[in-house]
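Visitor: The structure's right below; bear with me while I get my questions together.
Each reported figure results from applying straightforward, stated rules to the coordinates on display, with no laboratory input. Because the structure is a prediction, the values reported are computed rather than measured. Here Cβ is always computed from backbone atoms with ideal geometry, including for glycine, and neighbour counts include all displayed protein chains.
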Protein chains: 2
Amino acid sequence: MEHELKGFIKKCDIAIKQEDFDTLMNYYTDDAILVIKPGMIARGKEEIKTAFIKIAKYFNNRLVPTQGEMIVLEAGDTALVISETLLEADKNDNEYSMDRRATYVFKRGPQGEWLCAIDNSYGTDLINK
Amino acid sequence: MEHELKGFIKKCDIAIKQEDFDTLMNYYTDDAILVIKPGMIARGKEEIKTAFIKIAKYFNNRLVPTQGEMIVLEAGDTALVISETLLEADKNDNEYSMDRRATYVFKRGPQGEWLCAIDNSYGTDLINK
């Protein structure tokens, strides 16, 4: 059976594709962080939303994230997801196609629902290769 | 200033080197998980302690973990640490020297202290390269 976090991440990806960032922010914890790029971090929903708006614009409003292979490591109310994240901005332009091994940390919210606490699409590439 | 989690992880590494697994278990949450190897997971302190005893034996009781470059991504009571983990079992035998890009998830315990919830030294290598 597919882990519930796979469906959750799919909802996040659809919200990003549709640029529905208000809905997207419902999927983050209040003190969540997003790694915009190595060394640059957005903290909290307001900064994360602003970052997503800028990222969408940077990719000419054509950013489509999808997930390939995914492994969910669940420990009580916390989960680490290792995921092959594909970012496509324009299928005719290879420059805008990125294949990353991302690390996402989720925790259960007040109603037991999963929320994203740490969104790091760069995975372990944040340290020297 | 060095992040407090760097000192915490150093204490874990010393406990592993000294094979002081009772002390080591104080650094994990009750429902923590350890990725023993891809596809094999230890759940809870009892299984994790047993796994560390077997790992120590496998490496002829000479396993010495140390950390190189490290990045701490902290979001409220949760943190993801990306770390260059060096595992040495015998300096004269290159076969037993491993250099990994690990992912560790920590959360704050009842007294505000950090505890390891997800111990995955394989990082994003759990999915196909």
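Visitor: If the only charges are +1 at each Lys and Arg Cβ and -1 at each Asp and Glu Cβ, what is the size of the charge dipole of the protein assembly as shown around the Cα centre, to the nearest 20 debye? Display every interim value, and only then the final one.
Guide: Numbers: 34 positive and 44 negative charges, 35 e Å.
About 160 debye.
Visitor: When each copy gets a label point 7 Å from Cα toward the beta-carbon at residue B:50, what are the spacings between them in nm, shortest first?
Guide: Sorted ascending, the copy-to-copy spacings read 5.1 nm.
Visitor: If each residue's Cβ is checked for other Cβ atoms within 10 Å, how do B:108, B:100 rank with the fewest at the top? Can you show the working numbers first?
Guide: Numbers: B:108 14, B:100 17.
Ascending Cβ contact count within 10 Å gives the list B:108, B:100.
Visitor: Separate question: Listing A:121, A:83 from the residue with the fewest other Cβ atoms within 10 Å to the one with the most, what is the order? Can you show the working numbers first?
Guide: Working: A:121 19, A:83 23.
Sorted ascending by nearby Cβ count, the order is A:121, A:83.
Visitor: Picking from B:38, B:110, B:65, which is most flexible by a Gaussian network model of chain B using Cα springs under 10 Å?
Guide: Looking only at B:38, B:110, B:65, the biggest GNM fluctuation is shown by B:110.
Visitor: Hey, another quick one. Let me confirm one metric for peptide A:72-85, namely the mean number of other chain beta-carbon atoms within 10 Å of its residues' beta-carbons. Don't jump to the answer; show the numbers that get you there.
Guide: Working: counts 0, 11, 6, 16, 10, 5, 11, 4, 11, 0, 9, 2, 3, 0.
Across the residues of A:72-85, the mean count of other-chain Cβ atoms within 10 Å is 6.
Visitor: Less than 19 Å apart at the alpha-carbon level, and either on another chain or at least 8 residues along: which aspartates and glutamates does that give for residue B:57?
Guide: Hits, sequence-local ones excluded: B:13, B:19, B:20, B:22, B:46, B:47, B:88, B:90, B:93, B:95.
Visitor: Non-local amide H neighbours of residue A:67 (under 5 Å, H modeled in plane, Pro and chain starts lacking H): which ones?
Guide: A:86
Visitor: Quick one: Karplus J couplings for the range A:10-21, per residue in order, coefficients 6.51, -1.76, 1.60, θ = phi - 60°, nearest Hz, x for Gly and Pro?
Guide: Going residue by residue, I get 4, 4, 4, 4, 5, 4, 5, 4, 7, 6, 9, 6 Hz, with x marking Gly and Pro.
Visitor: With the label 7 angstrom out along Cα to Cβ, how close does residue B:62 come to the same site in each of the other copies, in nm, nearest first?
Guide: Going from nearest to farthest copy, the values are 5.7 nm.
Visitor: For chain A, what relative contact order do you get, as a whole percent, if you take Cα pairs closer than 8 Å and at least 6 residues apart?
Guide: On the way: 229 pairs, mean separation 28.5, N = 129.
It comes to 22 percent, rounded to a whole number.
Visitor: Label points 7 Å out from Cα along the Cβ direction at residue A:99 and residue A:23: separation in nm?
Guide: Reported label-point gap for residue A:99 and residue A:23 is 2.9 nm.
Visitor: Still on this structure, I have one more. Tell me the mean residue ellipticity at 222 nm calculated for chain B from its helices only (DSSP H runs of n ≥ 4, each -39500 (n - 2.57), averaged over every residue, nearest 500).
Guide: Values: 3 runs with 34 residues, N = 129.
Helix-only estimate at 222 nm: -8000 deg cm²/dmol.
Visitor: Per-residue HN-Hα couplings for the range A:114-123, Karplus 6.51 cos²θ - 1.76 cosθ + 1.60 at θ = phi - 60°, whole Hz, x for Gly and Pro?
Guide: 6, 9, 7, 9, 9, 10, 10, 6, 7, x
Visitor: Now for a different question. Can you give the mean number of other chain Cβ atoms that lie within 10 Å of the Cβ atoms in peptide B:116-128? Working shown, then result.
Guide: Working: counts 1, 10, 8, 3, 5, 0, 3, 7, 12, 4, 7, 10, 4.
Mean inter-chain Cβ contacts per residue within 10 Å come to 6.
Visitor: As an exercise, use a Förster radius of 41 Å and the Cβ-Cβ distance of residue B:58 and residue A:6 to find the FRET efficiency, rounded to the nearest 0.05. Mind showing how you got there, number by number?
Guide: Numbers: r = 33 Å, r/R0 = 0.81.
In this case the efficiency is close to 0.80.
Visitor: I'd like the per residue volume of the convex hull spanned by the Cα atoms of the protein assembly as shown, given in cubic angstrom. Kindly include the intermediate steps, with their values, before the conclusion.
Guide: Details: hull volume 36.8 nm³, N = 258.
That works out to 143 Å³ per residue.
Visitor: Can you list the distances in nanometres, one decimal and ascending, from the residue B:109 label point to the identical position in each other copy, with the point 7 Å along Cα to Cβ?
Guide: 3.0
Visitor: Normalised by the empirical 2.2 N^0.38 Å for globular proteins, what value does the Cα Rg of chain B take?
Guide: My calculation over the Cα atoms of chain B gives 1.01.
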